[in-house]
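*Asks:* Pasting in a structure now, in structure tokens, and then I'll have a few things to ask.
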Protein chains: 12
Amino acid sequence: MKDPVYKLIELTGTSTLSVEDAVNRAVKRAHKTVKNLRWFQVVDTRGAIAKGRVEHWQVTIKVGFSVDG
Amino acid sequence: MKDPVYKLIELTGTSTLSVEDAVNRAVKRAHKTVKNLRWFQVVDTRGAIAKGRVEHWQVTIKVGFSVDG
Amino acid sequence: MKDPVYKLIELTGTSTLSVEDAVNRAVKRAHKTVKNLRWFQVVDTRGAIAKGRVEHWQVTIKVGFSVDG
Amino acid sequence: MKDPVYKLIELTGTSTLSVEDAVNRAVKRAHKTVKNLRWFQVVDTRGAIAKGRVEHWQVTIKVGFSVDG
Amino acid sequence: MKDPVYKLIELTGTSTLSVEDAVNRAVKRAHKTVKNLRWFQVVDTRGAIAKGRVEHWQVTIKVGFSVDG
Amino acid sequence: MKDPVYKLIELTGTSTLSVEDAVNRAVKRAHKTVKNLRWFQVVDTRGAIAKGRVEHWQVTIKVGFSVDG
Amino acid sequence: MKDPVYKLIELTGTSTLSVEDAVNRAVKRAHKTVKNLRWFQVVDTRGAIAKGRVEHWQVTIKVGFSVDG
Amino acid sequence: MKDPVYKLIELTGTSTLSVEDAVNRAVKRAHKTVKNLRWFQVVDTRGAIAKGRVEHWQVTIKVGFSVDG
Amino acid sequence: MKDPVYKLIELTGTSTLSVEDAVNRAVKRAHKTVKNLRWFQVVDTRGAIAKGRVEHWQVTIKVGFSVDG
Amino acid sequence: MKDPVYKLIELTGTSTLSVEDAVNRAVKRAHKTVKNLRWFQVVDTRGAIAKGRVEHWQVTIKVGFSVDG
Amino acid sequence: MKDPVYKLIELTGTSTLSVEDAVNRAVKRAHKTVKNLRWFQVVDTRGAIAKGRVEHWQVTIKVGFSVDG
Amino acid sequence: MKDPVYKLIELTGTSTLSVEDAVNRAVKRAHKTVKNLRWFQVVDTRGAIAKGRVEHWQVTIKVGFSVDG
């Protein structure tokens, strides 16, 4: 397909470990329903705090994937 | 589910009454097809004018909901 | 007119009541001198405080109207 | 005081009713500890959703007040 | 429908020709699955370069369409 | 005039053809009433869609022109 | 007037001396045609360079003034 | 408390290890004086370089905590 | 202290003279209560106009200072 | 090279014809001194006006190219 | 040198491991040709996805270094 | 050259005196190696504080200059 069209969806991944793990969980989840994921962009990094420590990293990403022409 | 993943969708609600009503209509509409809506963020507030008065409030929001791991 | 041109002007409406009323006052005022107002976009929401309460809502909008080709 | 200095603090007010009520609650709360509040600016409007309806409006504002020279 | 609700989806159209063609390809593709598209907004314009020339224009747009009340 | 002052006005040009044509129509229209236009900046690119095709390009620009000292 | 409406216009003042002088020249020029100017906001600071030195400061401001109810 | 008010403070955490560690140090420090921290948002990620390597990660966050009604 | 934590506060300094003087007044005022100020960032430059002249420069800055580990 | 590093440079291309031509001229010029250009992003679209018509399109882009590990 | 001048260059580092590693690779590469690097700022975090997993982290930074007076 | 191409570089000038002086020092330094500088844009204004006073103004600018066709 010479001139592909991509769709972007927005997801928030969460993790108790790290920014990277939060992104990976979101990507892995998207992959369950969409097979041809190509790229992501981080749009927001937040988190929940409990007892004075980061409890969850919440990283919002846009994920792009090609759709058939 | 310890590390949930959320999806965000973008909607524009409209109302002849108020910003709050426009948001509520968008949320109510989303709830018809997605049951576990959690939060929203206002991203744009616009409107149509007719005869020198605000005819419609048009409020664009992102709505987040959890997806199964 | 097939390809209209629109002009945008920026106004700050104020109100002791609400965001919506502040926008409506700005639109009503613009309508006094410009008849074909079409749409508005909220660009800033501020306000004055007196005695620990919101005294005035100050909502800045852009208002668009068509100009003759 | 000819050249006053102001301090800005950031607050998130919440309300089950409206954007305006959320702002007013934040301002009222700030007034408990700071007496000379002057103005506010809305920086974010979000909310929580429960059972397909807006449960809480969450409006983040900056509030400015003069500090003694 | 007096107070319609709109959904916005984000797409990246690509073209070897121009910005306009890239947008048109994204709109045409969206039209395959969604019939009542109403408007778009350009959110990013990028491209791939090969041999010192623009190989592909990549234009990301948001496309809005009405959903049933 | 050694230290000129410029005024900026905001216009939305529309065109069925292209981004460039939309800008040109806005500039041409402004020139009817203001003779010394100097520069423009694109601030927003949107459009209307009908029957799955771009019906109108809507390009919002700021146009600067010198005013007499 | 209890709930005034303000209009904002955008101007670029230029000066060989300083940012402040560029703003002052823009304000002074606006005052020629509009008497009740109230406030300004700096939106852009640029300049022209000649022979390795700043030749002109170009400061773009928005100027607000009240319009009759 | 049905309609809580939150305060946000801005902190820059630093770490020789990682973005996450820098955030955690800022959160831990805030916890010394404020007990009910709830969430954070990353607003800037910078760092110092020495001898061609990242010496310190400097991550600026906003931290929100509830204040008594 | 190897991994310091900094706090940022937001202030608006005002001056009849210049941007620099407004910043200096805000910094001087902050120094009365916080001794280890390190840096500032300008976040907004505004001003009040009276009789067609800039009456006050109002410069909002964020000021960073280290807090004990 | 498994983990390439890219450099981005910023260029403004100009053209009497179109946005696309302005970008192409900037890319072609960069290609004279840098051979492995990969992508570009449009960051600003402006132009000069003469006699009520767009005289030059001025499109500022960032161009990325890989540098040897 | 009392009043140093710094130059900022923009780089995208990539890594299969983490955000931090991507930044470090970009800094290390810049250090090959520029010795006095001082600081960096993260301006964009993206990545490539393959087989439902993050394949590469792509972190764009600005790197500042002093240049001789 | 009818359709020139410009390059933009980013510099941070510093000064103990003023914003203007910091910009001038950056421009003067750039002029040592690039002769045809044309314009600049201020992108960030920061500073270092020592003993409760502004010690250095740090103004980041983009400087544009034409490159041969």
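The values are calculated or read from the model by the stated rules, or taken from the named source; none is laboratory data. Since the model is a prediction, treat every value here as computed from it, not as a measurement. Positions of Cβ are backbone-derived with ideal geometry, glycine not excepted, and every protein chain shown enters the neighbour counts. Surface areas here come from the heavy atoms of the whole protein model, side chains and all, with no ligands, DNA or RNA. Shrake-Rupley method; radii C 1.70, N 1.55, O 1.52, S 1.80 Å.
*Asks:* Tell me which residues, restricted to region B:32-69, are in contact with an Asp or Glu (Cβ under 6 Å, 6 or more places away or on another chain) and closer than 25 Å to B:Tyr6 by Cα.
*Replies:* Listed by number, the residues that qualify are B:Thr60, B:Lys62.
*Asks:* Ok, one more. In region D:12-30, is there at least one residue being closer than 27 Å to I:Asp21 by Cα and either touching a Pro at 6+ places or on another chain (Cβ under 6 Å) or of a type outside the set (Phe, Trp, Tyr) (or both)?
*Replies:* no
*Asks:* Do you know which residues across region I:1-22 are under 19 Å from L:Gln58 (Cα atoms) and not in a strand (DSSP E or B)?
*Replies:* I:Ser18, I:Val19, I:Glu20, I:Asp21, I:Ala22
*Asks:* Specify the residue that is nearest to the other protein chains (Cβ to nearest Cβ); the eligible residues are those in region I:23-48 that are in a helix (DSSP H, G or I) and among the charged types (D, E, K, R). Show your work before the answer.
*Replies:* Narrowing region I:23-48 to residues in a helix (DSSP H, G or I): I:23-33.
Still in the running and among the charged types (D, E, K, R): I:25, I:28-29, I:32.
Details: I:Arg25: 6, I:Lys28: 6, I:Arg29: 4, I:Lys32: 8 Å.
Checking each candidate, the answer is I:Arg29.
*Asks:* In this structure, does F:Leu11 turn out to be touching a Lys or Arg at 6+ places or on another chain (Cβ under 6 Å) and among the hydrophobic types (A, V, I, L, M, F, W, C)?
*Replies:* For F:Leu11, the condition - touching a Lys or Arg at 6+ places or on another chain (Cβ under 6 Å) and among the hydrophobic types (A, V, I, L, M, F, W, C) - is met.
*Asks:* When the residues of region L:1-47 are filtered to those that are free of Cβ contacts under 8 Å to residues at least 12 places away in the same chain and over 19 Å from J:Leu11 (Cα atoms), which remaining residue is farthest from the chain's Cα centre (by Cα)?
*Replies:* Of everything passing the filter in region L:1-47, L:Gly47 is farthest from the chain's Cα centre (by Cα).
*Asks:* Something else now. Return yes or no: is A:Ser66 within 30 Å of E:Arg25 (Cα to Cα) and either surrounded by fewer than 20 Cβ atoms within 10 Å (Cβ to Cβ) or in contact with a Phe, Trp or Tyr (Cβ under 8 Å, 6 or more places away or on another chain) (or both)? Lay out the reasoning, then the answer.
*Replies:* Details: within 30 Å of E:Arg25 (Cα to Cα): yes; either surrounded by fewer than 20 Cβ atoms within 10 Å (Cβ to Cβ) or in contact with a Phe, Trp or Tyr (Cβ under 8 Å, 6 or more places away or on another chain) (or both): yes.
Yes: the conditions hold for A:Ser66.
*Asks:* Looking at L:Glu10, L:Glu55, L:Glu20, which is the one that is more than 7 Å from every other protein chain (Cβ to nearest Cβ) and either modelled with pLDDT of 95 or more or open to solvent by 40 Å² or more (accessible area, probe 1.4 Å) (or both)?
*Replies:* Working: L:Glu10 fails: more than 7 Å from every other protein chain (Cβ to nearest Cβ); L:Glu20 fails: more than 7 Å from every other protein chain (Cβ to nearest Cβ).
Exactly one residue qualifies, and that residue is L:Glu55.
*Asks:* Next question, about the same structure. Kindly evaluate G:Gly64 against the criterion of being at pLDDT 95 or above and either within 8 Å of the chain's Cα centre (by Cα) or within 12 Å of chain I (Cβ to nearest Cβ) (or both).
*Replies:* Taking the combined requirement at face value, the residue satisfies it.
*Asks:* While we're looking at this one, here's another question. Any residue in region F:49-69 that's assigned to a loop (DSSP other than H, G, I, E, B): show its pairings with residues that are open to solvent by less than 40 Å² (accessible area, probe 1.4 Å) and small (Gly, Ala, Ser) at Cβ separation under 9 Å, as long as the two are six or more apart or on different chains.
*Replies:* If the second residue must be open to solvent by less than 40 Å² (accessible area, probe 1.4 Å) and small (Gly, Ala, Ser), the pairs left are F:Gly52/E:Ala30.
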